[in-house]
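The structure appears below as structure tokens.
The values are calculated or read from the model by the stated rules, or taken from the named source; none is laboratory data. All values derive from a computational prediction rather than experimental measurement. Quick reminder, even Gly has a Cβ in these numbers, built from the backbone with ideal geometry, and neighbours come from all protein chains shown. Side chains included, ligands, DNA and RNA excluded: accessible areas come from the protein's heavy atoms. Shrake-Rupley method; radii C 1.70, N 1.55, O 1.52, S 1.80 Å.
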Amino acid sequence: MNFLEERILKDGIVKKGNVLKVDSFLNHQMDISLFEQMGEEFRRRFEQEKIEKILTIEASGIGIACIVAKYFQVPVVFAKKAKSVNLEGELYIAEVESFTHKCRNQIIVSKKYLKQGEHILIIDDFLANGCALQGLISIVNEAGATVDGIGIAIEKGFQIGGRTIRNLGYHLESLAIIDKMDDETGTITFRPQK
Ligand code: 5GP
């Protein structure tokens, strides 16, 4: 078992509706030492890729992406979820269905911060049905940049996102892949990894 799987077993809480709560260390209160271990591990797993920029999505991807960026020595851009008054100029926009909030959002990146030919690593906290990722990928494609890797902290392997993204040929690395979880017993089963 790796460091993240151990932490999920220790502090993760399985909720009804296939939701895993990890807000004591990942997406509300954040354990930066754990994020550093994640950064190191993503650096190792994407060693072969020439990453020039990290792209994530607000809000919970940002903390992880910033720490991961230290290990790649590259800037981070995050997709915004609502069009704020501060977003000016030309924009890339994609539609995304939210798993946790059960609604549709637009995600937006300014054309200033994503350029043709750039090599992008996408980072996010969770992969469930893959809607958030598909939105980020479509923005990278629209910019004429390339997705050289996708790093996810926790993949829910029993939902369709991981399979879909791997079938599309992307280099997807998830630090913990949950194959099964049960809210009545609290049991979590991980997919074995190398
Ligand atoms: P997807 O678009 O892959 O269906 O869902 C990904 C997004 O939904 C993630 O960015 C994450 O914020 C949220 N999410 C999906 N499943 C879970 C879950 O089990 N627990 C938590 N805390 N967030 C989740």
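Selection of segment 86-129 for residues being in contact with a Gly (Cβ under 6 Å, 6 or more places away or on another chain), closer than 21 Å to residue 53 by Cβ and within 12 Å of the ligand (Cβ to nearest atom) yields 94, 96, 107, 123, 124, 125, 127. For segment 114-123, filtered to residues that are open to solvent by 10 Å² or more (accessible area, probe 1.4 Å) and in contact (Cβ under 8 Å) with a residue 60 or more places away in the chain, the residue that is farthest from residue 91 (Cα to Cα) is 119.
Just checking, which of 35, 46 is without any contact (Cβ under 8 Å) to a residue 60 or more places away in the chain, hydrophobic (A, V, I, L, M, F, W, C), surrounded by 19 or more Cβ atoms within 10 Å (Cβ to Cβ) and farther than 21 Å from residue 131 by Cα? After applying the criteria, what remains is 35. For segment 138-163, filtering for residues that are within 23 Å of residue 38 (Cβ to Cβ), open to solvent by 10 Å² or more (accessible area, probe 1.4 Å) and not in a strand (DSSP E or B) leaves 4.
Of all residues in segment 8-34, those satisfying the criterion of being under 18 Å from residue 179 (Cα atoms) and either more than 13 Å from the ligand (Cβ to nearest atom) or touching a Pro at 6+ places or on another chain (Cβ under 8 Å) (or both) are 9, 10. Inspection of segment 12-24 finds no residue satisfying the criterion of being basic (Lys, Arg), under 18 Å from residue 123 (Cα atoms) and assigned to a loop (DSSP other than H, G, I, E, B).
Answer with yes or no whether residue 185 is open to solvent by 50 Å² or more (accessible area, probe 1.4 Å) and of a type in the set (Val, Ile, Thr). Spelling it out, residue 185 is indeed open to solvent by 50 Å² or more (accessible area, probe 1.4 Å) and of a type in the set (Val, Ile, Thr).
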